[in-house]
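The values are calculated or read from the model by the stated rules, or taken from the named source; none is laboratory data. Computed from a predicted model, the values in this text were never measured in an experiment. Cβ placement follows ideal geometry from the backbone for every residue including glycine, while neighbour counts extend to all protein chains displayed. The accessibility values were calculated without ligands, DNA or RNA, using every heavy atom of the protein model including side chains. Shrake-Rupley method; radii C 1.70, N 1.55, O 1.52, S 1.80 Å.
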Amino acid sequence: MSFHSSGVVLKGKKHTEVSLSTKDIDTGAQLVAGLTLALDPDEALRIRRKIDRHIMPLMCVLYWIQFMDKTTLNYTSILGIQQSTNLTTNEYNWLSTVFYLGYLVFEYPQNLALQRFPVGKWMSINIFVWAVVLACHAACKNFTGLVVVRLLLGVCEGSITAGFLIVSSMFYTRAEQTLRVGYWFLMNGTAQIISGFVSFGVLHINTKGFEPWQWLMIITGIMTLILAVVFWFWFPDSPTNAWFLTTDERAKAVQRIKENQTGVENKHFKTEQMIETLTDPKTWLFALFSALYNVPNSLTNQMSLILASFGFTYLQTTLLSCIPGVIEVLTIFSGVQLAIRRPNSRAYVGVICFIPTWLGVLLVSLLPWSDQVGLLVSLFLLIASTPGFVLALSWLNIVTAGHTKRVVTNAIMLSAYCIGNAVGPFMWKAQYKPRYHVPWAVIGACYVICPILLLVIRAVLARENRIRDAEPVDDSEEEYVIERLTEDGKRVEVKVDKEFLDLTDRQNRNFRYIL
């Protein structure tokens, strides 16, 4: 029997009725309304594995490609881009900043578009534009041209991480999201490994009138273009319409994430949820963490130059650039595995990951310049903090409910990410060469404050959980009912669980924050 939703009715203990528009409820409510039987655990596991097989490979490959693409600037620095386009040190740093300025300005519009339009299709469009813009780098002859393409690249980038966070919350339970966010984020490390070998290869290309750095842009642009086409046809927009799930499996996929108390999605922007986001302390604590953590992230585009300054040849530098990728993969995998095995330990695991970075900052600042191996090791120690950001990113996603609130929260978190990344490159001024004592001091300060913020966030959320635990239990038997029209015009009422009413984590007092 086919149904069409026409409204929602709330029945309280006193049988008062409040009519609500269908825009107030979650899209997943349409599928699971009226379901009374609990989902069999084995069936839930089967559905999850099917979801994993169809979306995780695509998410991982895209995150690998997009990170490789945006860090091509790092590799082109030793492939001749500065000489070909007559870039000064300051102009080279500006190219890193411009990318994140484009990201920052369009982050909020990108998040609104991700709420309004099908997530998979919107990301596919951005990936396609990204691919074209990336290839256009090869045609740039000066700083102005590079500024334009880097700006456009940042605009498109704004849809990827935000889109992945939304998709993760749609398809996975809160317990599953940390591990899967870790899986697709560790592809950043994989990208560094592969990019190092690709750069090593193109360094050997010797064609008249077309330099190695231009070949790197063309090769990565073609790879991204192919991925854009694959995403358009095979990446789902939501579990409610995923092509690889049957109608029955779609309902079960939605029912499976009921425990999240966050629903799937809601295509209508709710101003009250935006206001709640702006007045929620955890929003700004996570944002401050994101901004400070990503100031040192400017190392991404400085790594090759720093390695070369240690006395390594360009060929050696391209290969050594692979090592941070290996470290990132290992540390992220270990960090998320530890976090999911130790309940409520996200903040503590994040703090532990910052300890090696403190040692790295001290060593790279104090070791003699002649100690090439020691400086190299100290530089690689700085990569160990990456799980801290990954855990914070997934943590924010699972402690925020209400689709509009999640969208706005993600926009703020990623805007702060852009601010940190945009400011960071200006530390690497020519007058600080070769020891860069000032940048290392700033990086050290950020890596001290960030773990403190993780502990503060944990304390704030734990306190809120205690407050809710102490509140009197509401024994009223509220029943939420969705009103539908059958094909023959009859109105029927089907029960909808509270978890699919698109309530925020503040509105839903049964919501408990995972620590």
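Each label was represented as a point 7 Å from its Cα along the Cα-to-Cβ direction; for E91 and V105 these points are 2.0 nm apart. Our coupling estimate for the stretch 240-247, obtained by passing each phi through the Karplus curve with A = 6.51, B = -1.76, C = 1.60 and θ = phi - 60°, is 6, 9, 4, 5, 8, 10, 6, 4 Hz, Gly and Pro reported as x. Pulled fully out, how much extra length does the chain show between A459 and I205, if you take 0.36 nm times their separation in residues and subtract their Cα-Cα distance? Using 0.36 nm per residue and subtracting the Cα-Cα distance, I get 85.9 nm. Cα centroids of the stretch 130-166 and the stretch 341-361: 33 Å apart. Surface calculation, 1.4 Å probe, protein heavy atoms: E211 sits at approximately 70 Å² accessible.
For the pair R435 and S370, how long in nm is the line joining their label points, each one 7 Å along Cα→Cβ? Label at R435, label at S370, 1.6 nm between them. Heavy atoms of the protein chains alone define the surface here; on that basis the stretch 121-235 has 36 Å² accessible area per residue at 1.4 Å probe size. Here T246 and I449 are evaluated by their C-beta separation; at R0 = 60 Å the FRET efficiency comes out at 0.75. Between the beta carbons of F233 and R466, assuming R0 = 35 Å, the FRET efficiency works out to 0.10 to the nearest 0.05.
A straight chain from T271 to L362 at 0.36 nm per residue would run longer than the Cα-Cα distance by 28.1 nm. Counted residue by residue at 0.36 nm each, then reduced by the alpha carbon distance between them, the extension gain from V377 to I355 reaches 6.5 nm. Legend: residue pairs K121/K141; K50/K258; K50/K70; K70/K429, Cα-Cα distance threshold 25 Å; pairs beyond threshold, K121/K141; K50/K70.
Of R463, R256, the order by accessible heavy-atom surface (1.4 Å probe, DNA, RNA and ligands excluded), from most exposed downward, is R463, R256. Phi angles of the stretch 198-205 translate, via the Karplus equation with coefficients 6.51, -1.76, 1.60 and θ = phi - 60°, into HN-Hα couplings of 4, 5, 4, x, 5, 4, 8, 6 Hz per residue; Gly and Pro are given as x. Among the protein heavy atoms, those of I327 account for about 40 Å² of accessible surface (1.4 Å probe, every chain in place).
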